[in-house]
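J.: Following this message is one structure expressed as structure tokens.
Values quoted throughout were computed directly from the atomic coordinates according to the rules given, and no laboratory measurement underlies them. Note that the structure is predicted; figures quoted are calculated from it, not measured. Every residue, glycine as well, gets a Cβ built from its backbone with ideal geometry; the counts of neighbours run over all protein chains shown.
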Amino acid sequence: MRQIIFLILLSFYCTTNTNAQQKTPKIVFVIADGIPAELIEKSSKPNLSKIITSGFYKRAFVGGIKNTYNQTPTISAPGYNNLITGTWSNKHQVVDNNIKNPNYQYYTIFRFLKEAHPHKTTAVFSTWQDNRTKLVGDGLKETGGFKVDYSFDGYELDTLQFPHDKQANYTHLIDEKVIAKADSTIRTDAPDLSWIYLQHTDDIGHRYGNSRQLEKAIDYLDVQMGKIWEAIQYREKNFKENWLIIITTDHGRDAATGKNHGGQSDAERTTWIIANLKNTNTYFKNNTPAIVDLLPTMARFIPINLPKANEYELDGVPLTGPVSLSNASVEKKEDSLIIRWKAYEKKNPVKIFISKTNLFKIGQMDHYELLANTAVDKERFAFKIDTEKAFLKLVLVGKKNTINTQWFNLASPK
Ligand SMILES: [Zn+2]
């Protein structure tokens, strides 16, 4: 009898497992620019609500860890690059919208996908062309000649078809065009990884602040997201595909007027995430997620096997699946450094690696030494340090995920 039950269970497991495996994972992530959490929360959003019902809405943050080495301006391009590289601006080096000198050693999710699965396809649908040409680095030698497969952007440069008006209605029209292209491309070609970028909400925010006009712009966004959600439903009904949609914003706005951003106030740092993900983990439930958590989340969904040296640099934690630890920090007390973290499991080991160099940022390998092998639920490790040392990279490798932090001895000679 026991054997029969076992066989039934085994065959049930195998069937459900194969069904899941046969479905091709597909991702579309959307950045709708500069929408404060309070405004999206109070809007009626009938279409976004459908997606929330299939997953979640949650407040999130941008701007790095405040007052630390990775604090990042709450400006658009740094925000987008936080998402697509899974790192803060001290690593990717995009600190404003001029995007002067991005460090392409910190790969984008597009490049990670292509290197792990060369046959999979990528798409960028964007109201700002720099997202593809400068941040993703389409076709640049610095990104190893990485090519985006489907791209629709640059409409803001076509001032005949989209004359720039003071009220910025033209960015609404471009957003509409971008959505039409994303809708049709998803339905016909179903790229494996798509980025939709919409700008109109930020233009309205800068002009009118937290206003009836910005509420109207959010209504436009809701209708646009309804179209993309429909396109995904169409794909899932007609093809063996499993779609993840993530919608988020790149920064909040100042509390007083809602017109500005760039600083480190709570109102500017507070963002939000909507996704059709039900199987979120304890890290997600117990923390305010960060924009840098989205890359490891997407990497798990495909899945993408990340090269170890790259994984050691990621500043995020996946929002789904098992996690061991998060929130690494380090502080000096007398002649010791104290490393702290949050644990999500008991007893399992955590390996702490240390590097005195940061050669990764110039495309070379760092030499990591094993500093300690301890129990993850201790959430703390202290060690004596040579106070002359100016810089340390610390990587904490848990069973289920890896986190990192850096220490700078600002008092020491450079
Ligand atoms: Zn922005």
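J.: Go through the range 311-402 and tell me which strands (runs of 3 or more DSSP E), entirely inside it, have 3 or more residues that are within 23 Å of the chain's Cα centre (by Cα) and not small (Gly, Ala, Ser).
T.: Those strands (runs of 3 or more DSSP E) span 391-397.
J.: Evaluate the range 261-281: report whether one residue or more is assigned to a helix (DSSP H, G or I), over 16 Å from Ile51 (Cβ atoms) and either free of Cβ contacts under 8 Å to residues at least 40 places away in the same chain or in contact with a Phe, Trp or Tyr (Cβ under 9 Å, 6 or more places away or on another chain) (or both).
T.: The answer is yes; a qualifying residue exists.
J.: Follow-up question, since we're still on this one. Considering only the range 185-202, how many residues are part of a helix (DSSP H, G or I) and in contact (Cβ under 8 Å) with a residue 40 or more places away in the chain?
T.: Count: 6.
J.: From the list Ile273, Ile291, exactly one residue is of a type in the set (A, V, I, L, M) and within 14 Å of the ligand (Cβ to nearest atom). Which is it?
T.: Checking each option against the conditions leaves just Ile291.
J.: Can you name every residue in the range 210-257 that is under 24 Å from the mean Cα position of the chain (by Cα) and either at positive phi or within 15 Å of the ligand (Cβ to nearest atom) (or both)?
T.: Ala217, Ile218, Leu221, Ile247, Thr248, Thr249, Asp250, His251, Gly252, Arg253, Asp254
J.: Please state which one of Leu244, Leu221, Leu193 is more than 27 Å from Ser43 (Cβ to Cβ) and buried (at least 17 other Cβ atoms within 10 Å of the Cβ).
T.: Unique residue meeting the criteria: Leu193.
J.: Out of all the residues in the range 166-180, is one or more closer than 22 Å to Ile52 by Cα and either within 20 Å of the chain's Cα centre (by Cα) or in contact (Cβ under 8 Å) with a residue 60 or more places away in the chain (or both)?
T.: No, every residue in the range 166-180 fails to be closer than 22 Å to Ile52 by Cα and either within 20 Å of the chain's Cα centre (by Cα) or in contact (Cβ under 8 Å) with a residue 60 or more places away in the chain (or both).
J.: Let me ask another. Quick one: Ser151 ticks every box in (1) hydroxyl-bearing (Ser, Thr, Tyr); (2) under 19 Å from Lys100 (Cα atoms); (3) crowded, with 21+ Cβ neighbours inside 10 Å bar one, so which box is it?
T.: Unmet condition: (2).
J.: Of everything in the range 175-204 that's out of contact with any Asp or Glu (no Cβ under 7 Å at 6 or more places or on another chain) and among the polar types (S, T, N, Q), which residue is nearest to the ligand (Cβ to nearest atom)?
T.: Out of the qualifying residues, it is Ser194.
J.: Arg207 fails exactly one of the following numbered conditions: (1) in a loop (DSSP other than H, G, I, E, B); (2) surrounded by fewer than 18 Cβ atoms within 10 Å (Cβ to Cβ); (3) within 16 Å of the ligand (Cβ to nearest atom); (4) not hydrophobic (A, V, I, L, M, F, W, C). What is the number of that condition?
T.: The number of the failed condition is (1).
J.: For the range 67-151, list the helices (runs of 4 or more DSSP H) that sit wholly inside it and hold at least 3 residues that are within 16 Å of the ligand (Cβ to nearest atom) and in contact (Cβ under 8 Å) with a residue 12 or more places away in the chain; which are they?
T.: 76-85
J.: Which residue, of Asp293, Asp250, is part of a loop (DSSP other than H, G, I, E, B) and under 17 Å from Gly79 (Cα atoms)?
T.: Asp250
J.: So, Asp315, is that one buried (at least 17 other Cβ atoms within 10 Å of the Cβ) and among the acidic types (Asp, Glu) or not?
T.: yes
J.: Could you list, in sequence order, all residues of the range 69-90 that are out of contact with any Ser or Thr (no Cβ under 6 Å at 6 or more places or on another chain) and crowded, with 24+ Cβ neighbours inside 10 Å?
T.: Listed by number, the residues that qualify are Thr74, Ser76, Gly79, Tyr80, Asn81, Asn82, Leu83, Gly86, Thr87.
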